[in-house]
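Below: the structure, in structure tokens.
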Amino acid sequence: MITISKGSLKGKVTLPPSKSMSIRVLAAIFLSSRDTLLKGAWPKDGTQVCEDVQAAYRVVRSVGSQFAKEDIWPNMAPPGRDHSRRQLDCGESALALRMFAPIVALSSYIYCLRGRTTLITRPVDFVIQGLRELGCWCESLNTLPTLSIMENLKETGRWEPRDSSLSLSRPILLVQGPLRGGKYQVNAGGSSQFLSGLLMALPLAEKDSILEVEHLASQPYIDLTLNVMESFGVRATHDNYKVFHIPGRQSYRAHKIDIEGDWSGGANFIVGAAMFGDLRISPLWKDSLQADKAILEAVGKAGGSWAWGSANQLKVYKNDNLQGFSFDAQQCPDLFPPLVALAVHCKGTTTIHGIDRLFHKESNRALALLEEYSKVGADIRLEGNNMVIKGGVLPGGARISARGDNRIAMSLAIAALGAEKPIEIEGKHTVAKSFPDFWEELNNIRIPLS
């Protein structure tokens, strides 16, 4: 538990590598079958590299460079009959699970994708349905009864005892291809992560592919996926994001690539700076494709200001007269928590659209934000697909829970800087999922009230 009391901010914040970009780059490396010089994303020391990126790194390392060379199109048994299952631990990363499921479906081997804690409760039905419609074999193991670690491992196939990470997880999906390519329909309304995995996998398929996409959520993340693919020499085009054309039998070409900072984690410090003190935040790319760069639009609507400095540094300035605002977060749902932290301190009423994107995050994020912020005196209500926040004075003076959700913890920590009484936050460890050095960065720039 950690206690945050009223204070101001001043100084410089260094962000971790972008989680969304890092995992996509790791997937591209996985498909390239070669070593790549990667600045920023390799978890060599664990420093500033979040748990979700480390999970994707484990997946890449556990299968190794032979995947694209040996695992695609081997002469294997029919789907469901090979019991030499290859285990992949996705940790708590929904992105890793949903993206690597269609990627490993290129192979005729059976892959068991595992997860832990919050990932076990995240929806995978659209992954199962999608892979089955593409002619692959996919089964959910999330309905298995709670078993001992060894029983789970026996249930899902061979396990190397030296891989201790698997002992902490439980099986979620069994996947077996081969994914051959062709013409398919994909419903991307629940998440764009499965579509991103398909887009990355299909260039290695035997045939050309056409994906007809319905209800695309989070278009910016698809732009990021296509950009990473292009960086590795792989082509895919689209007709206004409705139809995607992916030539088959392409090859990923590994090369040196830089990883930008994480806008999702940076959003907390951006709103914090707008409320409580000037900050310099880096490394953030001005031309970033990350969806959560939209935090600048929201802060601008509230009356905040910023300027770009040198070396990918963003300067954000304090404004004592921030006003309530309206913002559509449908395409960037991870911005809801920092936006709520901002809104409770703005004068007037704020309306944030898109709470339907929050129901299946690490928590039911809409309900968690409503209930935890209500404990510290915030005036929040849910109306249709909107979250409505009446800002002003935040009383504080209560103990709240992060609900196992890293973004809830960071949001409440920033909001607490302006609360009348200290706020105690249970679950401070959850930030390691996306921003392991969050508390250290906050401590370095926080100036307590004397």
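The values are calculated or read from the model by the stated rules, or taken from the named source; none is laboratory data. Since the model is a prediction, treat every value here as computed from it, not as a measurement. Here Cβ is always computed from backbone atoms with ideal geometry, including for glycine, and neighbour counts include all displayed protein chains.
Based on this model, can you work out whether residue 327 counts as outside any loop (DSSP other than H, G, I, E, B) and under 25 Å from residue 189 (Cβ atoms)? Steps first, answer last, please.
Details: outside any loop (DSSP other than H, G, I, E, B): yes; under 25 Å from residue 189 (Cβ atoms): yes.
Here the answer is yes, as residue 327 does meet what is asked.
Answer yes if at least one residue in the stretch 252-271 is among the basic types (Lys, Arg), out of contact with any Cys (no Cβ under 6 Å at 6 or more places or on another chain) and more than 26 Å from residue 30 (Cα to Cα), and no otherwise. Please lay out each step first, then the result.
Our first condition is that a residue be among the basic types (Lys, Arg); within the stretch 252-271, this holds for 253, 256.
Okay, now just the ones that are also out of contact with any Cys (no Cβ under 6 Å at 6 or more places or on another chain), so 253, 256.
In the following step, the residues that additionally are more than 26 Å from residue 30 (Cα to Cα) were identified as none.
Taking every residue of the stretch 252-271 in turn, none turns out to be among the basic types (Lys, Arg), out of contact with any Cys (no Cβ under 6 Å at 6 or more places or on another chain) and more than 26 Å from residue 30 (Cα to Cα).
Within the stretch 393-433, which residues are of a type in the set (Val, Ile, Thr), in contact with an Asp or Glu (Cβ under 7 Å, 6 or more places away or on another chain) and closer than 21 Å to residue 18 by Cβ? Don't jump to the end; show me each part of the working.
Here is the first cut: in the stretch 393-433, the residues of a type in the set (Val, Ile, Thr) are 393, 400, 408, 414, 423, 425, 430-431.
Now drop any that are not in contact with an Asp or Glu (Cβ under 7 Å, 6 or more places away or on another chain), which leaves 393, 400, 408, 430.
Result: 408, 430.
Could you check residue 448 against (1) at pLDDT below 95; (2) within 24 Å of the chain's Cα centre (by Cα); (3) within 29 Å of residue 261 (Cβ to Cβ) and say which number it fails?
Exception for residue 448: condition (2).
So residue 2 ticks every box in (1) at pLDDT 90 or above; (2) buried (at least 22 other Cβ atoms within 10 Å of the Cβ); (3) of a type in the set (A, V, I, L, M) but one. Which box is left unticked?
(2)
So which of 374, 411 ends up being of a type in the set (Ser, Thr, Tyr), crowded, with 17+ Cβ neighbours inside 10 Å and in a helix (DSSP H, G or I)?
On the way: 374 fails: crowded, with 17+ Cβ neighbours inside 10 Å.
Result: 411 is the single residue among 374, 411 that is of a type in the set (Ser, Thr, Tyr), crowded, with 17+ Cβ neighbours inside 10 Å and in a helix (DSSP H, G or I).
Between 404, 392, which is assigned to a loop (DSSP other than H, G, I, E, B) and closer than 26 Å to residue 262 by Cα?
On the way: 392 fails: closer than 26 Å to residue 262 by Cα.
None of the others qualify; the one that does is 404.
Checking the conditions here, which among 387, 410 is under 19 Å from the mean Cα position of the chain (by Cα) and touching a residue at least 12 places away in the same chain (Cβ under 8 Å)?
Values: 387 fails: under 19 Å from the mean Cα position of the chain (by Cα).
Only one candidate qualifies: 410.
When the residues of the stretch 24-61 are filtered to those that are among the basic types (Lys, Arg), surrounded by fewer than 23 Cβ atoms within 10 Å (Cβ to Cβ) and in a helix (DSSP H, G or I), which remaining residue is modelled with the lowest pLDDT? Reasoning before the result, please.
Residues of the stretch 24-61 among the basic types (Lys, Arg): 24, 34, 39, 44, 58, 61.
Narrowing the set further to residues that are surrounded by fewer than 23 Cβ atoms within 10 Å (Cβ to Cβ) leaves 34, 39, 44, 58, 61.
The next check asks that each one be in a helix (DSSP H, G or I); those that pass are 58, 61.
Details: 58: 84, 61: 81.
Filtering first and then ranking leaves 61.
Quick one: in the stretch 172-225, of everything that is under 27 Å from residue 354 (Cα atoms) and in contact with an Asp or Glu (Cβ under 8 Å, 6 or more places away or on another chain), which residue is modelled with the lowest pLDDT? Even if it seems obvious, please write down each step before you answer.
As a first pass, look at the stretch 172-225 and keep what is under 27 Å from residue 354 (Cα atoms): 185-199, 211-225.
Within this subset, residues satisfying the condition of being in contact with an Asp or Glu (Cβ under 8 Å, 6 or more places away or on another chain) are 185-189.
Numbers: 185: 91, 186: 90, 187: 87, 188: 85, 189: 77.
So the residue we want is 189.
Yes or no: the stretch 311-321 includes at least one residue that is at pLDDT below 95, in the same structural domain as residue 350 (by TED's automatic domain parsing) and either more than 19 Å from residue 446 (Cα to Cα) or of a type in the set (Phe, Trp, Tyr) (or both).
yes
Please tell me if residue 321 is part of a loop (DSSP other than H, G, I, E, B), in contact (Cβ under 8 Å) with a residue 24 or more places away in the chain and under 21 Å from residue 419 (Cβ atoms). It would help to see each step written out before you state the result.
Details: part of a loop (DSSP other than H, G, I, E, B): yes; in contact (Cβ under 8 Å) with a residue 24 or more places away in the chain: yes; under 21 Å from residue 419 (Cβ atoms): yes.
In short, yes.
Inside the stretch 371-406, can you point out the residues that are among the polar types (S, T, N, Q) and more than 21 Å from residue 328 (Cβ to Cβ)?
Keep residues of the stretch 371-406 that are among the polar types (S, T, N, Q), which gives 374, 385-386, 401, 406.
Once the filter is applied, which keeps residues that are among the polar types (S, T, N, Q) and more than 21 Å from residue 328 (Cβ to Cβ), the stretch 371-406 yields 374, 401, 406.
Only one of (1) within 23 Å of residue 10 (Cβ to Cβ); (2) touching a strand residue (DSSP E or B) at 6+ places or on another chain (Cβ under 6 Å); (3) outside any helix (DSSP H, G or I) fails for residue 350. Which number is that?
Failed condition: (1).
Looking only at the stretch 96-109, how many residues end up being crowded, with 24+ Cβ neighbours inside 10 Å and out of contact with any Gly (no Cβ under 7 Å at 6 or more places or on another chain)?
Qualifying residue count, the stretch 96-109: 2.
Among (1) modelled with pLDDT under 85; (2) not in a strand (DSSP E or B), which single condition is residue 128 missing?
Condition (1) is where residue 128 drops out.
Does the stretch 324-334 hold any residues that are in contact with a strand residue (DSSP E or B) (Cβ under 8 Å, 6 or more places away or on another chain) and of a type outside the set (Ser, Thr, Tyr), and which are they? Before the answer, list the steps.
Kept after step one, since they are in contact with a strand residue (DSSP E or B) (Cβ under 8 Å, 6 or more places away or on another chain), are these residues of the stretch 324-334: 324-330.
Correct list: 324, 325, 327, 328, 329, 330.
Being closer than 12 Å to residue 291 by Cβ and surrounded by 22 or more Cβ atoms within 10 Å (Cβ to Cβ) is the filter here, so list the residues in the stretch 197-225 that pass it.
Within the stretch 197-225, the first condition is being closer than 12 Å to residue 291 by Cβ, and the residues that meet it are 217-225.
If the condition is that a residue be closer than 12 Å to residue 291 by Cβ and surrounded by 22 or more Cβ atoms within 10 Å (Cβ to Cβ), then 218, 221, 222, 225 are the ones that fit.
Check the stretch 70-86 and report whether any residue there is assigned to a strand (DSSP E or B) and modelled with pLDDT of 60 or more.
Going through the stretch 70-86, the residues assigned to a strand (DSSP E or B) turn out to be 72, 86.
With modelled with pLDDT of 60 or more added as a condition, the list becomes 72, 86.
Checking the stretch 70-86: at least one residue is assigned to a strand (DSSP E or B) and modelled with pLDDT of 60 or more.
Of all residues in the stretch 285-323, how many are in contact with a strand residue (DSSP E or B) (Cβ under 6 Å, 6 or more places away or on another chain), surrounded by 20 or more Cβ atoms within 10 Å (Cβ to Cβ) and more than 20 Å from residue 389 (Cβ to Cβ)?
2
Restricting to the stretch 268-302, give me the number of residues that are among the small types (Gly, Ala, Ser) and closer than 19 Å to residue 394 by Cβ. It would help to see each step written out before you state the result.
Initial filter on the stretch 268-302 (among the small types (Gly, Ala, Ser)): 272-274, 277, 282, 288, 291, 294, 298, 300, 302.
Subsequent filtering for residues that are closer than 19 Å to residue 394 by Cβ retains 272-274, 277, 298, 302.
Qualifying residue count, the stretch 268-302: 6.
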